[in-house]
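Everything on this sheet refers to the single structure shown next.
The values are calculated or read from the model by the stated rules, or taken from the named source; none is laboratory data. Keep in mind that what you see is a predicted model, and the values were worked out from it rather than measured. Counting neighbours? That spans all protein chains shown, and the Cβs are built from the backbone with ideal geometry, glycine included. With ligands, DNA and RNA removed, areas are computed over all heavy atoms of the protein, side chains included. Shrake-Rupley method; radii C 1.70, N 1.55, O 1.52, S 1.80 Å.
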Amino acid sequence: MSTNDTPPEEPGASASAQGPKAQPPQAQPPQEPPAGPVGDGPESAGDVPGPEQVRPEQTGPEETGRQRLAAGLWPPRVSRAQLIVAVLLFVLGLGLAIQVRSNSDSSALRGARQEDLVRILDELDGRTKRLEDEKQTLDDQRRELESSSNQAEEARKQTVEKERQLGILAGTVAAQGPGIVLKITDPKGQVLSDKLLDTLQELRAAGAEAIQINGVRIVADSYFSDEEDGVAIDGKKITQPYEFKVIGKPQDLEPALNIPGGVVQSLEKEQAVVGITRPAKIVVDALRAAKQPDYARSSSSS
């Protein structure tokens with residue numbers, strides 16, 4: 001073999017064999033960059049990034065969508081137009097809520113039983129019929145006056161009858177007839193004057209013509225007041241049980257007290273005991289002295 005076919009010796013071996021003889025510089029192979037992400041910055045050239053070369057996005061964990069949404073919503077940035085719209089929507093919602101509540105309050109009978117609703121309708125029909133009967137009576141009186149040959153005598157009869165009716169309403173004459181007796185026992189002492197007044201108003205609305213409570217005749221100007229251990233009517237103290245003697249149509253008076261949410265239920269909520277009876281005849285004999293008006297005079301005497 002020729003010397004040209006001799007394989008090249010390794011640099012270490014050659015140096016040891018030839019001694020300290022200087023060797024020509026050998027070309028060094030290019031160094032491979034360290035493994036890492038390929039990029040356009042200094043890292044791609046093999047340089048190790050220093051602390052000053054760390055990018056801002058690498059300083060912490062990446063934000064989630066919820067965090068970005070919260071950062072966008074708070075602190076709120078509200079314009080004047082948005083504030084005006086919010087106020088208008090609030091006012092509109094408040095108005096709708098009040099309207100719905102008022103409608104709910106006005107429909108308190110929505111949950112009542114069918115029997116109770118029928119009874120309420122019967123009571124309303126009875127009131128309508130009483131008003132129609134009163135109108136018919138007045139029309140008959142007018143026709144009798146117009147057609148009577150002796151109008152003066154007919155007018156006198158009607159005047160006497162009218163005086164009797166007004167005497168009953170004013171409490172100056174006794175009265176008797178059908179009706180009911182309402183007795184209220186209040187062991188807890190919770191029934192005050194306002195409850196008795198509500199009961200009286202309900203009876204009047206149902207067509208009561210004469211009322212007496214514990215020996216006190218009830219008239220148009222009667223009033224109730226609370227006392228230490230009872231109630232006073234027109235300044236006269238009464239004690240329980242409170243007994244109402246009422247002259248009128250029993251079929252109208254009793255259902256009016258028993259309507260849902262009416263007098264009886266209201267009194268029972270105060271732990272009072274309510275009893276209603278229908279005697280064959282009610283006598284209202286407590287009288288009131290007739291009052292002479294101080295200023296009013298009959299127009300016929302002027």
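Among the conditions (1) at pLDDT 90 or above; (2) open to solvent by less than 40 Å² (accessible area, probe 1.4 Å), the only one that residue 281 does not satisfy is (2). Considering only residues in segment 210-235 that are assigned to a loop (DSSP other than H, G, I, E, B) and open to solvent by less than 40 Å² (accessible area, probe 1.4 Å), the one that is farthest from residue 282 (Cα to Cα) turns out to be 234. Within the set 198, 125, the sole residue that is open to solvent by 60 Å² or more (accessible area, probe 1.4 Å), of a type in the set (Asp, Glu) and at pLDDT 90 or above turns out to be 198. Listed conditions (1) open to solvent by 80 Å² or more (accessible area, probe 1.4 Å); (2) under 34 Å from the mean Cα position of the chain (by Cα); (3) more than 27 Å from residue 128 (Cβ to Cβ) are all met by residue 204, apart from (3). For residue 277, indicate whether it is among the hydroxyl-bearing types (Ser, Thr, Tyr), more than 33 Å from the chain's Cα centre (by Cα) and over 26 Å from residue 173 (Cβ atoms). No. Within segment 254-283, being free of Cβ contacts under 8 Å to residues at least 12 places away in the same chain and acidic (Asp, Glu) holds for one residue alone: 268. Taking residues in segment 236-253 that are in a loop (DSSP other than H, G, I, E, B), and partners anywhere that are open to solvent by 60 Å² or more (accessible area, probe 1.4 Å) and of a type in the set (Asp, Glu), the pairs with Cβ atoms closer than 7 Å and at least 6 places apart or on different chains are 248/209. With respect to residue 138, determine if the residue is of a type in the set (A, V, I, L, M, F, W, C) and farther than 17 Å from residue 253 by Cβ. Judged against the criteria, residue 138 is a match. Annotation note: of 146, 153, the sole residue that is of a type outside the set (Lys, Arg), open to solvent by 90 Å² or more (accessible area, probe 1.4 Å), in a helix (DSSP H, G or I) and modelled with pLDDT under 80 is 146. Taking residue 161 as the residue in question, decide whether it is modelled with pLDDT of 75 or more and surrounded by 11 or more Cβ atoms within 10 Å (Cβ to Cβ). So residue 161 passes the test. State yes or no: is residue 287 within 22 Å of residue 170 (Cα to Cα), surrounded by 12 or more Cβ atoms within 10 Å (Cβ to Cβ), in contact (Cβ under 8 Å) with a residue 60 or more places away in the chain and in contact with a strand residue (DSSP E or B) (Cβ under 7 Å, 6 or more places away or on another chain)? Here the answer is yes, as residue 287 does meet what is asked. For segment 164-177, filtered to residues that are among the hydrophobic types (A, V, I, L, M, F, W, C) and under 24 Å from residue 280 (Cβ atoms), the residue that is most open to solvent (accessible area, probe 1.4 Å) is 169. For segment 189-209, the tally of residues that are assigned to a helix (DSSP H, G or I) and either farther than 15 Å from residue 268 by Cα or of a type in the set (Phe, Trp, Tyr) (or both) stands at 8.
You will find that of 188, 245, the residue that is of a type in the set (Lys, Arg) and surrounded by fewer than 16 Cβ atoms within 10 Å (Cβ to Cβ) is 188 and no other.
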